[in-house]
Amino acid sequence: IGKNLIVLDEVGSTNDYLKKLGADGCENGTVAVAREQTQGKGRLGRVWKAKKDDSITFSFLLRPKIAPSEVSSITPLAGLAVCKAIREFTGLDCRIKWPNDIIIGKKKLVGILTEMSAEFDAVEYVITGIGINADTQDFPDDIKEKATSIYLATGGHFDKNKFFACVLNHIEEEFIKNDLKLSPVALKEYTSLCATVGRDITFTKNGKSVTAKAVGVNPDGELIAELPDKTTKLINSGEVTVQGI
Ligand code: BTN
């Protein structure tokens with residue numbers, strides 16, 4: 001990952017940028033990193049906003065020989081890799097908030113957005129975009145309580161190039177080691193770093209709000225929830241509120 005590394009000063013969204021290159025046949029492992037995004041995209045149609053150089057915003061493109069249904073393991077695997085890289089590089093006790101945020105305490109540090117292009121039930125390419133709040137010193141009032149950065153959490157600036165290399169190395173290592181799957185080892189590590197598991201969660205079912213306990217994550221990256229009547233339910237999308245974080 002990153003042998004073909006494209007460094008951009010300003011772009012709409014690194015995910016969208018790679019989508020165009022992907023359609024034009026760019027090589028497996030291509031990475032696009034931008035100092036500034038003007039149309040940064042988040043999950044569920046949200047926006048990812050950051051001032052120039054405040055966050056590390058990048059995407060990588062893979063051409064895995066897997067079925068579209070197997071793409072669901074890429075985001076948790078990337079989350080695990082980034083979480084391990086941040087812990088190693090900074091010593092911060094960051095954790096994964098299922099499915100794909102990395103948090104410190106109750107505050108978000110990293111967001112991940114995976115998109116894919118598939119044709120006739122075969123994956124053409126998968127793009128995973130990652131935004132890491134790195135040097136942000138001051139968040140807008142509306143997200144101040146919900147977001148943090150490596151700068152704020154460690155109290156200092158750091159070598160962003162070295163850190164970025166560390167993140168890319170971890171992603172490559174995790175993907176190769178686990179053959180792009182949430183292997184038993186990866187799942188064990190993911191679960192032990194996951195702040196959601198063990199907590200009460202609330203999700204919406206048929207328009208109603210249901211409370212359950214998150215008890216684990218399965219190899220497809222789905223959250224296993226135990227309902228009050230002791231039956232289990234797999235949760236794979238939508239919004240889940242985690243109590244306590
Ligand atoms: C989320 O938390 O909702 C996901 C945020 C993902 C943001 C990253 S920044 C790099 C890449 N390009 C985008 O437009 N989005 C992702």
Scan I86, I74 and give me the residue that is under 23 Å from K162 (Cβ atoms), in the same structural domain as E172 (by TED's automatic domain parsing) and surrounded by 15 or more Cβ atoms within 10 Å (Cβ to Cβ).
I86
Do you know which of the residues in region 41-66 that are within 22 Å of A81 (Cα to Cα) and of a type in the set (G, A, S) is surrounded by the fewest Cβ atoms within 10 Å (Cβ to Cβ)?
G42
I'd like to know if region 1-19 contains one or more residues that are within 12 Å of the ligand (Cβ to nearest atom), in a strand (DSSP E or B) and over 19 Å from the mean Cα position of the chain (by Cα).
yes
Which of the residues spanning region 180-204 are in contact (Cβ under 8 Å) with a residue 40 or more places away in the chain and either within 20 Å of L77 (Cα to Cα) or of a type in the set (A, V, I, L, M, F, W, C) (or both)?
L180, K181, L182, A186, E189, Y190, L193, C194, A195, T196, V197, I201
Whichever residue in region 123-141 is out of contact with any helix residue (DSSP H, G or I) (no Cβ under 8 Å at 6 or more places or on another chain) and away from the ligand (no atom under 15 Å from the Cβ) and, among such residues, is farthest from Q37 (Cα to Cα):
D141
When restricted to K188, K144, the only residue closer than 23 Å to G40 by Cα and in the same structural domain as G42 (by TED's automatic domain parsing) is K144
Please pick out the residue among K51, K41 that is among the basic types (K, R) and more than 9 Å from the ligand (Cβ to nearest atom).
K51
Mind counting the residues in region 80-122 that are touching a helix residue (DSSP H, G or I) at 6+ places or on another chain (Cβ under 6 Å) and among the hydroxyl-bearing types (S, T, Y)?
2
Quick check on L44: is it assigned by TED's automatic domain parsing to the domain that holds D138 and either among the hydroxyl-bearing types (S, T, Y) or at pLDDT 95 or above (or both)?
no
Lone unmet requirement of (1) crowded, with 21+ Cβ neighbours inside 10 Å; (2) touching an Asp or Glu at 6+ places or on another chain (Cβ under 9 Å) for Q137:
(1)
Can you find even one residue in region 22-31 that is within 12 Å of the ligand (Cβ to nearest atom) and either assigned to a helix (DSSP H, G or I) or among the hydrophobic types (A, V, I, L, M, F, W, C) (or both)?
yes
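The values are calculated or read from the model by the stated rules, or taken from the named source; none is laboratory data. Remember, predicted model here, so these are calculated numbers, not experimental data. For neighbour counting, all protein chains shown are included, and Cβ atoms are generated from backbone atoms with ideal geometry for every residue, glycine included.
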